[in-house]
Amino acid sequence: QDDDAVALQNLEQLMTEFFCPETTNERKRTIERSFQEFAGQIDSWKPCLHFLSSTSNHYVSMFALSTLETTISRRWPILPWEDRALTRSTLYTLSLERDVASFVRNKVVKLVVDIARHDWPHFYPDFYSNILQLLSHKHTRLLGLVYLRTASEELATPREDLPMHRKSELFRLLSAQVPLTLDTLTVLLKETTKLQSRSGTVTPPPSPTSGQSLAPARAVLDVEGLAIGTSEVCTATLEVLAHLFSWIDVSGSISTNLLDAIFSCAKYHDAMNSKQIEMAVQALTTINELLYRPFCSPDATDTLLLEIFQNGIGLFQLMERLDSVEESYMEKMTEFLQLFITNHMKRMESSSKFPVNTLLEVLCHHTFQQASTVNGYLRCLDVWTTLLESTQSRYSAVALALAERILQKMSFKLNARVLRDLDTESLDENEETEWQHFLRCNIECLAKIADISPIPIFTLLYRSWREGLIIFGELGAAVANGQVILLNDTEASNVHAHLRDLASTTQALTRLYSLFIGDQTNIDQSLAEEVVSQTLEACMFARDNQLYKAAIQPSAIVIDLIEVHSQLLASLQAWCHWIARRSEKAKEALCQRCIDSCVWATTYTASCDHSPPANLIHSAIHLFQSITAILKPILWDQPTFRNLISMGTYPYLKSDTIKVLRRALINGIILPPGDAATRQRLLGTMILALSAPLGMQGQPVPSESTISITIIPLTQLLEDCASSSTIIKKMLHSCLESIINRTLELLSYVIRCQSICELLLSFLHSAFSVLQQQLGPEFMQNAVQGMLQLYTRENISAGPALDQLLEILILVVSAPSNAFKAFVPSVTNLCLGQVWPAIGNNLSAHPDTTLVLLKLFHSILMHRWQYFYNTSVLRTLGHPEEDEPVEHKEELVAILEAFGQALLQSDVNIFRQSLQSLEQLNIRWRLYQRAVFKVHLLERFLMALFTVLFQQSHNLLADEIAAAIHSLASVNIGWFFGHFLPTFLTTCEGVDDMQRVTLLENFDKSTDQPTLTRSVLQLISDLRCYQLCRPG
């Protein structure tokens, strides 16, 4: 005892010194080493028990508890019985003491539960009865709840440091205690809420003039012992219930009494203090945890769900009477509706007792009256969307009213105060501003409603749209008269609201275009005709009067006019699909009007005064691209079109707009019907204009910037033609052949410039991919041979250029023509002799190159297997695989070893690529059965996969890994059970012979895939458990 007292005194001094701000880092490291040396001693747990019962220093307490935790987790099973009993009783007694800090008490409770993980019920039979006893006394109630919560966390869903059979046993034991536990918690919750209703918590606050203090009320609230209020006890009880609900079988376990008690705590009322609000929010969290769970038993479940719903409706009705509600509570109520409708609505709709109308009323009121934030409102829209998707016909009665309310919410005329605060600049992860996200969510919900009631919703939006269009026209007419318009604040605000709403309803109407191109015969097509016709008129009006530079003050109105014009043009893109289904005559007329409404923007390719803003030009050219893709007009004789084709560059357009314009032009050439010679000539004109800066073969090498600017659009052009007909590809080939040769020539000059090399190879990759048939085997052979010689001469370095070269080689190796099989030796030589040495030492440092190289190896083996096994089918049938002659064996082994190396990488994509390739090769060529694999690689690959599972580096792929292990083990299942598994376990450190025997005995020897994969995963889990719990 004297030694322990001295040790405690020294430890307290060291702890005080360690946490003192004046202590140097060097001294701290010295003290830390002392702590580690002490904790590492085999009997360090003994003085720690004395420290805990004798110190008031929290640092010392936590150090002693951490040391004991190590002993319990790693050495508990080998401690003598007396020592285990002493540790358990000391810790349990400490948890009952009143003056222990809460964080220390929680840690003590955790250690007692850790002991129970090992000993309950055999060596610690009164563990659970102690918890129930604690719950039954006022002064230990909160402590009992801490124990119960910890037991639920640690025993029902234990960590991986327990073997599988013990996890199953604990779950079974704990499940058996659930009915009694829930009854106990129900009584506790009811008692505590009664105490709360009688206590000072509902006493009105004292008059400010009375001088009375609130202290006496607090004394009434305190329960004996831990000085804790009833709200806190209720909150703790609810937290325990929430965790229990996450794993217990809820069907048949939840009584009406328990539900009533939880909902009683969830009631919200005026004058609640922060603790009571916290309790109410926790009560809703507990209820929602219940709704997350699937309900199995039909009869009991329907009754339970109905009770939950009716109680929930009561909470909503209470909220309706309140002036304000805490946002966190509101969010939980929205979540309640979301979970009920998403997880249980389909089941409840069929019940005659379920009040659907009540649900609709509550949801409507909650969405439009109570949801006080934008995010809260949008979450409610998600709930509506889910509801409308489930069974549409039942909700047609509320469709129009719901759409009207949504239209009001997204209207600046009616909701400007909220909408003007939405951010219109910062982009989220979906590349949307806050306003765009808000608008899209509203429009998508309107589209869902329109699925139920199409014409009324379309008509509703159309009326609103027409109203805005009239304002747009009136404003435009005033501008057309040459007036300078000055608006006062009220007028400007009114006009701004109408124009913003016009832009919004334009998007909403456009979203519904698909109603008019489906198979529904009852849809009035004249509605679509009116919208399209008026949209075209508005676009022409805006164009003719150049509203983008209108003389209006304030200037913000001009920005609104530009936005409306842009949205009208964008809407025509969608309506092109409807136009395409009109009669030929109507289609032709509407198509020409669409062209007239947008092609003017393409004339602003040179600098001029007052050119339209970039976003307006982009919208117009996007429409032009849609017209050429969907309506396919013949523009070949139009001067504007021919002029655009002959221009190689468009210096005054933004790069993304240029990309769209070029796609529109290539569509205009290759998609419409027409004379082949003319099409060929136009295609040649465009390609010549694009490629001219590259020069012809033999001419001086252009600058790197010139190559870059020229080659990118040519690559895009090829990709745009990837799905074209053979006739178009022949034309493309004749136009591009000289450019491909020029690119091959330039490659040797820019080989040391990674970025330019990548662009040239990217172009060649697209050319070989799109025009493979047209270029022919001989041309591609010569081209690739030249590239291989070039890259063999140069020092190879990992990077995008090399990636592109490997992608080209994949194309060549995978090509069906036998002409390319001659390449296999030079390709494997480049990969194994040049590329692999450049990246093989550190694959994860070059993930992109590694992935492409693995794909190339996969292609070589998948498509050129005969390079290694060049035997006829008959001969193959006559020989077992072991006797099969292997050609180029060293190369085959080297490629397979590369796959093996990839299995050891931390990069999950590299690992997945290798695993999938091996499995596919096994299915296609029975790879694992081949003698070369069985002799050289089988054991190594199995060892690699077992190691990866054990290290948990790729947990998401655990099932795929186990399935691959089954494929590998099936090669020789007797060898797997009798040799491999014992060998693997022998290599594992921290496992004794007895544990190895146990692991092998517990391994189910069934050979079917489900059983074997389950056995493998269980073996790994138990192995990790033994290692985590090893002594020392």
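What follows draws every value from the coordinates through simple rules; no lab data is involved. Computed from a prediction, not measured in an experiment: that's the story for all the values here. A quick note on method: Cβ atoms are made from the backbone with ideal geometry, for glycine too, and the neighbour counts reach across all protein chains shown.
A few points about this structure:
- A simple spin-label model places the labels of residue 655 and residue 386 4.3 nm from each other, with each point 7 Å out along Cα-to-Cβ.
- The residue 414 and residue 3 beta-carbon pair, evaluated with R₀ = 60 Å, returns a calculated FRET efficiency of approximately 0.15.
- For the stretch 652-727, a Kirkwood hydrodynamic radius built from all Cα pairs, placed in the Stokes-Einstein relation at 37 °C and 0.692 mPa s, yields a translational diffusion coefficient of 238 µm²/s.
- Difference of contour (0.36 nm per residue) and Cα-Cα distance, residue 466 to residue 33: 148.0 nm
- Take every Cα pair under 8 Å whose residues are at least 6 apart in sequence, average their separation, divide by the length of the chain, and the relative contact order is 6 percent.
- In the chain, the calculated helix contribution to ellipticity at 222 nm averages -22500 deg cm²/dmol per residue, counting -39,500 (n - 2.57) for every DSSP H run with n ≥ 4.
- Pairs of lysine residues in the stretch 1-176 - Cα separation under 23 Å, sequence separation of 8 or more or cross-chain: 6
- When you filter the trypsin sites (Lys or Arg not before Pro) in the stretch 880-969 for DSSP loop state and at most 12 other Cβ atoms inside 10 Å of their Cβ, you are left with 926.
- 27 Å Cα-Cα reach of residue 730 towards lysines, excluding residues that sit fewer than 8 places from it in its own chain: 632, 659, 821
- The stretch 882-959 and the stretch 318-335 have Cα centres separated by 57 Å.
- Loop trypsin sites (Lys or Arg not before Pro), the stretch 726-819 (other Cβ atoms within 10 Å of the site Cβ: 12 or fewer; DSSP): 752
- FRET efficiency, residue 989 to residue 326 (Cβ-Cβ, R0 45 Å, nearest 0.05): 0.25
- Intensity falloff of the stretch 1-157 expressed as log10 I(q)/I(0), Debye formula with alpha-carbon point scatterers, at q = 0.08, 0.12, 0.15, 0.18 Å⁻¹: -0.25, -0.56, -0.83, -1.11
- Between residue 681 and residue 400, the C-beta separation translates, for a Förster distance of 56 Å, into a calculated FRET efficiency of about 0.50.
- Sorted largest first, the principal axis extents computed over the alpha-carbon atoms of the stretch 937-1028 equal 29, 29, 24 Å.
- For chymotrypsin sites (Phe, Trp or Tyr not before Pro), the sites in the stretch 49-124 that DSSP calls loop and that have at most 16 other Cβ atoms within 10 Å are 123.
- Relative intensity of the stretch 710-788 on a log10 scale, I(q)/I(0) at q = 0.11, 0.15, 0.17 Å⁻¹, equals -0.26, -0.48, -0.62, per a Debye sum over C-alpha point scatterers of equal strength in the absence of solvent.
- Spin-label model distance (nm) - residue 534 vs residue 130, 7 Å beyond Cα toward Cβ: 7.8 nm
- Net dipole in debye of the chain [+1 Lys, Arg Cβ; -1 Asp, Glu Cβ; about Cα centre; nearest 20]: 1720 debye
- Spherically averaged projected area of the convex hull of Cα atoms, the chain: 57.7 nm².
- Along the chain, counting only GluC sites (Glu not before Pro) with a DSSP assignment other than H, G, I, E or B and at most 16 other Cβ atoms inside a 10 Å radius, the longest segment between sites is 433-793.
- Label point distance in nm, residue 260-residue 350, each placed 7 Å from Cα along Cα→Cβ: 3.1 nm
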